[in-house]
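Encoded as structure tokens, the structure appears first; notes follow it.
Any read-out appearing in this document is the output of simple, stated calculations on the displayed coordinates, not a laboratory observation. Remember, it's a predicted structure, so these values are computed and weren't measured experimentally. Reconstructed Cβ throughout: ideal geometry from the backbone, glycine too, with neighbour counts over all protein chains shown.
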Amino acid sequence: MEPERMLQILFSLEDASVIETVVIPSARGRTTVCVSSQVGCAMNCQFCFTGRMGLRKHLSTAEIVEQAVFARKLFSDEFGTITNVVFMGMGEPLHNVDNVIKASSIMVDEQGLQFSPRKVTVSTSGLVPEIKRFLNESNCDLAVSLNATTDEVRDWIMPINRRYNLSTLLGTLREELRLRPKSIVLFEYVMLAGVNDSVDDAKRLTELVRGIACKINLISFNPHSGSQFKPTPDEKIIEFRNMLIQSGLTVMVRLSRGDDQMAACGQLGAAGDYQLPLLRVPEKFQVAL
Ligand code: SF4
């Protein structure tokens, strides 16, 4: 499959920090802008290039909204209207929850950017109190970066799980979404060879999300320099997808694209001199790396 073209915009802020925004046209007539919410990120997800930077700063509401405004100005002629906004660039959006809620409300406001709330998606690694707040204060969609089916793996690859484990995270979503019966959560699942892509993972994933109105997005891992993980082969991703579909889930697959230009989920930013530490690899997964 020919990778679709992605465009990367670099913004230089007043303090000389650089943030990155990606515009992703799709063959189905949808053009998505992926905005950053922080410079760097504090969450230290082990598969993520941005996470290696550590947190440098939160972006202001204006700095977030302007990314979508500029993308519209620069690329509407070439690709048609920007139809979707995803908060999946640099940073953990809900770690900057005040500004992200304000920015997303401007994006959907009639006097703002006039996107449909169903076309604006805020992604999180699983900050439970902020998820509750977001679901209570925003009418935009929520995506949760799940990426593991056991606490052992998630504690390792997404350290936020040590504070809010799978049971707490998914229990909160189940509870809160009862109050928003029309909402559907998007679970993102980056597929890492030998780490989270087994038949047992597919079975556990089905059980974990039971009772939550959701879609699953399986994402091919884009290896980056310094990465210890390997991507799950495409044919194995398809098998994994088929198992989930057979158990009744709605599943999308995003096979790799954009890895040639370091502009894909978890690959934005420059690690620089300072890097957060890599965490100890559980013994049984050492062979997978
Ligand atoms: S995956 Fe998201 S939350 Fe995790 S380190 Fe990367 S940017 Fe931060």
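Observations, loosely collected:
- Amide H contacts under 5 Å for Val122, placed H, 5+ residues apart: Phe87, Asp141, Leu142, Ala143
- Whichever aspartates and glutamates have a C-alpha closer than 15 Å to that of Lys119, once near sequence neighbours (fewer than 8 apart) are set aside: Asp109, Glu110, Asp141
- Residue of Ala103, Ala27, Ala193 that the Gaussian network model of the chain assigns the largest fluctuation, springs spanning Cα pairs under 10 Å: Ala27
- Solvent-free Debye calculation, one equal scatterer per alpha-carbon of the chain: log10 I(q)/I(0) at 0.09, 0.10, 0.14 Å⁻¹ equals -0.40, -0.50, -1.04.
- Ala27-Glu137 FRET efficiency (beta carbon distance; Förster radius 30 Å; 0.05 resolution): 0.30
- Among the DSSP helices (H) of the chain, those spanning at least 20 angstrom by Cα along their long axis with an average Kyte-Doolittle hydropathy of 0.0 or more are 61-79; this is a geometric and hydropathy rule only.
- The chain - percent relative contact order, Cα under 8 Å, separation 6 or more: 18 percent
- A helix-only calculation puts the chain at -9000 deg cm²/dmol for mean residue ellipticity at 222 nm, using -39500 (n - 2.57) for each DSSP H run of at least four residues, averaged over all residues.
- Calculated FRET value between Arg118 and Arg204, using beta carbons and R₀ = 25 Å, to 0.05: 0.30
- For the peptides 75-82, 153-160, 121-128, the ranking by packing is 121-128, 153-160, 75-82, with the highest mean count of neighbouring Cβ atoms within 10 Å listed first.
- Under 5 Å from the amide H of Ala42 lie the amide H atoms of Leu55, Glu92, each residue being 5 or more positions distant or on a separate chain, with H modelled from the backbone and absent for Pro and chain starts.
- With eigenvalues of the C-alpha gyration tensor scaled by 5 and rooted, the stretch 1-121, Å: 22, 18, 13
- Fewest neighbouring Cβ atoms within 10 Å first, the residues Arg28, Arg162, Arg241 line up as Arg28, Arg162, Arg241.
- Measure of compaction for the stretch 142-254 (Cα Rg per 2.2 N^0.38 Å): 1.04
- Of the GluC sites (Glu not before Pro) found in the stretch 79-142, the ones in coil according to DSSP and having at most 15 other Cβ atoms within 10 Å of their Cβ are Glu110.
- Burial ordering of Arg56, Arg5, Arg204, fewest other beta-carbon atoms within 10 Å first: Arg5, Arg204, Arg56
- Our estimate of slack between Ser247 and Glu78, defined as 0.36 nm per intervening residue step minus the Cα-Cα distance, is 56.8 nm.
- Cys34, Cys214 arranged by Cβ crowding within 10 Å, fewest neighbours leading: Cys214, Cys34
- Top of Gln67, Gln38, Gln111 by mean-square fluctuation, Gaussian network on the chain, Cα under 10 Å: Gln111
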